[in-house]
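Visitor: Structure provided below as structure tokens; questions to follow.
The values are calculated or read from the model by the stated rules, or taken from the named source; none is laboratory data. None of these values were measured; they are calculated from a predicted model. Please note: Cβ atoms are built from the backbone with ideal geometry, for glycine as well, and neighbour counts cover all protein chains shown. Side chains are part of the model used for accessible areas, which takes the heavy atoms of the whole protein and leaves out ligands, DNA and RNA. Shrake-Rupley method; radii C 1.70, N 1.55, O 1.52, S 1.80 Å.
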Amino acid sequence: MMLFTPLSIGPLTLSNRIVVSPMCQYSANDGSMNDWHLQHAMQMAMSGAGMFVVEATATERRGRITHHCVGLYSDQNENAMRRVLNAARSVATNDIKFAIQLGHAGRKASHHVPWQGGRALSKEEDAWVTVAPSALPFTLGSPIPEALERDEMQKIKENFISAAKRAIKLGFSAVELHGAHGYLLHEFISPISNQRNDEFGGCLDNRLKFPLEIFDDLRKIVPSDIALGLRITGTDWRDDGLSLEDAKNVAKTFEAHGADYLCISSGGITTGLKIPIGPNYQVHLAKGVKDVVSIPIRTVGLITTAEQANDIIVNGEADFVALARAMLANPRWGWDASVVLQQPIEVPPQYERSYNIPK
């Protein structure tokens with residue numbers, strides 16, 4: 001198999017194995033997409049990728065990372081997203097599939113956007129109370145979140161269900177839960193952030209209970225023609241955190257509960273982690289998980305060249321690859337990769353004169 005060969009993911013068939021990774025744009029208005037997202041989505045829709053995953057989308061207002069994160073918790077959010085999706089679909093190529101990543105920022109909510117420093121909001125900056133499995137701050141100096149009680153956890157589940165129903169109405173081909181990067185579902189799974197002494201804390205099986213409850217509820221309502229997957233962490237990069245062996249167990253558990261695919265990322269549970277960032281630095285995590293499950297596995301992280309992406313597929317290290325910064329730098333990355341690998345793809349006829357595929 002190569003980068004430009006089809007891939008089956010549950011009920012879906014992707015035209016190729018390139019994915020536009022979900023990338024926060026920090027540009028929404030109370031969760032609602034605007035013209036920034038319009039141009040972004042339209043570019044990514046004709047990038048040459050087989051799937052475009054809409055950025056991490058909050059299932060409730062307090063689940064946003066910043067004041068400017070996208071959400072899907074109101075009619076206004078839904079209508080704004082529909083406008084963007086309709087525009088993107090109107091220019092889409094390669095039968096690209098549109099997916100959405102649903103999440104909740106947990107204790108990493110109520111922060112500034114990255115280009116304003118990313119620090120926690122102050123009361124004067126309209127900060128809000130954050131929630132988490134345990135009353136442990138993300139880092140020294142961060143606000144202490146409220147430890148979630150069972151009734152609040154039930155409300156969070158209901159909000160995930162509500163957002164998923166909106167996503168279904170919007171016609172997404174895949175729904176992806178965000179269970180990585182230190183956000184709420186990851187916070188429950190990791191022993192670094194989950195120090196509860198009830199049924200949702202302690203051993204890995206207990207720490208998985210709440211994320212599994214949410215996933216199981218979504219599995220019941222997501223139609224059979226829509227893929228349901230997750231992004232999980234391959235390691236916390238700390239000895240007292242989740243390891244690759246833990247990730248394998250998490251992956252096998254979600255596969256048993258009906259996940260159609262998994263994306264393996266890492267880090268984000270706290271600051272000060274020693275992560276060996278470089279090309280392919282997370283690919284070994286994807287390969288480790290791929291070895292123990294039968295569902296498709298996606299890898300991500302500093303994948304920038306066509307040869308690099310293709311080799312990952314050819315070597316059987318992952319089934320598909322997600323690109324983030326490379327797509328921002330070059331929204332026609334898929335076109336250029338198809339030229340390098342001499343695998344023709346569909347491009348808009350208006351731009352065809354610029355597509356120099358070898359004949």
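Visitor: Give me the percent of the accessible area of the chain that comes from carbon and sulfur atoms, probe 1.4 Å, all protein chains in place.
Guide: On the chain, the fraction of accessible area on carbon and sulfur atoms equals 51 percent.
Visitor: Evaluate the relative contact order of the chain (contact order divided by residue number), counting alpha-carbon pairs under 8 angstrom at least 6 apart; express in whole percent.
Guide: Worked out over the chain, it gives 17 percent.
Visitor: Let me ask another. With a/c under 1.5 counting as rounded, go ahead and sort segment 1-115 into rounded, prolate or oblate using the C-alpha gyration tensor (a ≥ b ≥ c being the square roots of the eigenvalues; past the cut-off, prolate if a/b is larger than b/c, else oblate).
Guide: Prolate shape, in that a/c is at least 1.5 and a/b is the bigger ratio.
Visitor: Using θ = phi - 60° and the Karplus relation 6.51 cos²θ - 1.76 cosθ + 1.60, list the HN-Hα couplings for segment 264-271 in order, rounded to whole Hz, with x at every Gly or Pro.
Guide: Once θ is set to phi - 60°, the couplings for segment 264-271 become 10, 10, 6, x, x, 6, 7, 8 Hz.
Visitor: Using Stokes-Einstein with the Kirkwood hydrodynamic radius over Cα pairs, what translational diffusion coefficient do you get for segment 1-47 at 37 °C and a viscosity of 0.692 mPa s, in µm²/s rounded to a whole number?
Guide: So the translational diffusion coefficient is about 256 µm²/s.
Visitor: If I fit a long axis through the Cα atoms of helix 244-256 and take the longest principal axis of the Cα atoms of the chain, what angle between them do I get, 0 to 90°, rounded to 10?
Guide: Taking the Cα atoms of the chain, the angle to 244-256 is about 80 degrees.
Visitor: Right, here's the next one. Quick one: angle between helix 75-91 and the longest Cα principal axis of the chain, in degrees between 0 and 90, rounded to 10, please.
Guide: 20
Visitor: Another question, if that's okay. How big is segment 127-273 on each of its three principal axes, counting only the C-alpha atoms and giving the largest first in Å?
Guide: 44, 34, 26
Visitor: Okay, moving on. Quick one: length gained pulling L328 to E146 fully straight, 0.36 nm per residue minus the C-alpha distance?
Guide: Value of the extension gain: 61.9 nm.
Visitor: Further, regarding this structure: Report the residues of segment 232-271 in range of a label on S8: point 7 Å along Cα→C-beta, backbone N strictly under 17 Å from it.
Guide: What the label zone holds, given the 17 Å backbone N cut-off, is 259-262.
Visitor: Can you compute the charge dipole magnitude of the chain about its Cα centre, using +1 on each Lys and Arg Cβ and -1 on each Asp and Glu Cβ, nothing else charged? Give it in debye, rounded to the nearest 20.
Guide: 520
Visitor: Using +1 at the Cβ of each Lys and Arg and -1 at the Cβ of each Asp and Glu in segment 294-359, identify which of V321, I297, P344 lies farthest towards the dipole's positive end.
Guide: Positive-end residue among those listed: P344.
Visitor: How large is the helix-only mean residue ellipticity at 222 nm for the chain, computed as the sum of -39500 (n - 2.57) over DSSP H runs with n ≥ 4, divided by its residue count, in deg cm²/dmol to the nearest 500?
Guide: Dividing the helical sum by the residues of the chain leaves -9500 deg cm²/dmol.
Visitor: Here's a follow-up. Using +1 at the Cβ of each Lys and Arg and -1 at the Cβ of each Asp and Glu in the chain, identify which of S142, F215, S8 lies farthest towards the dipole's positive end.
Guide: My answer, from the dipole projection, is S8.
Visitor: Need one word for segment 168-248: rounded, prolate or oblate. Basis is the Cα gyration tensor (sqrt eigenvalues a ≥ b ≥ c); a/c below 1.5 gives rounded, then a/b vs b/c decides. Don't skip to the answer; put the middle values down first.
Guide: Numbers: a/c = 2.77, a/b = 1.85, b/c = 1.50.
Prolate.
Visitor: Within segment 209-287, list the trypsin sites (Lys or Arg not before Pro) lying in a DSSP loop whose Cβ has at most 11 other Cβ atoms in a 10 Å radius.
Guide: Listed in order of number, the matching sites are K274.
Visitor: Once you order the gyration tensor axes a ≥ b ≥ c over the Cα atoms, which shape class does segment 76-120 get: rounded for a/c under 1.5, otherwise prolate or oblate by comparing a/b with b/c?
Guide: Prolate, since a/c reaches 1.5 and a/b exceeds b/c.
Visitor: Still on this structure, I have one more. Take peptides 183-193, 93-103, 139-149 and line them up by average Cβ neighbours within 10 Å, highest first, as a rough protection proxy.
Guide: 183-193, 93-103, 139-149
Visitor: Measure nothing fancy, just the Cα-based angle from helix 150-169's long axis to the longest principal axis of the chain, in degrees from 0 to 90, nearest 10.
Guide: Taking the Cα atoms of the chain, the angle to 150-169 is about 20 degrees.
Visitor: Still on this structure, please answer the following. Using a simple spin-label model with points 7 Å from Cα along the Cα→Cβ vector, what separation in nm is obtained for E352 and I277?
Guide: Spacing of the two 7 Å Cα→Cβ label points: 4.2 nm.
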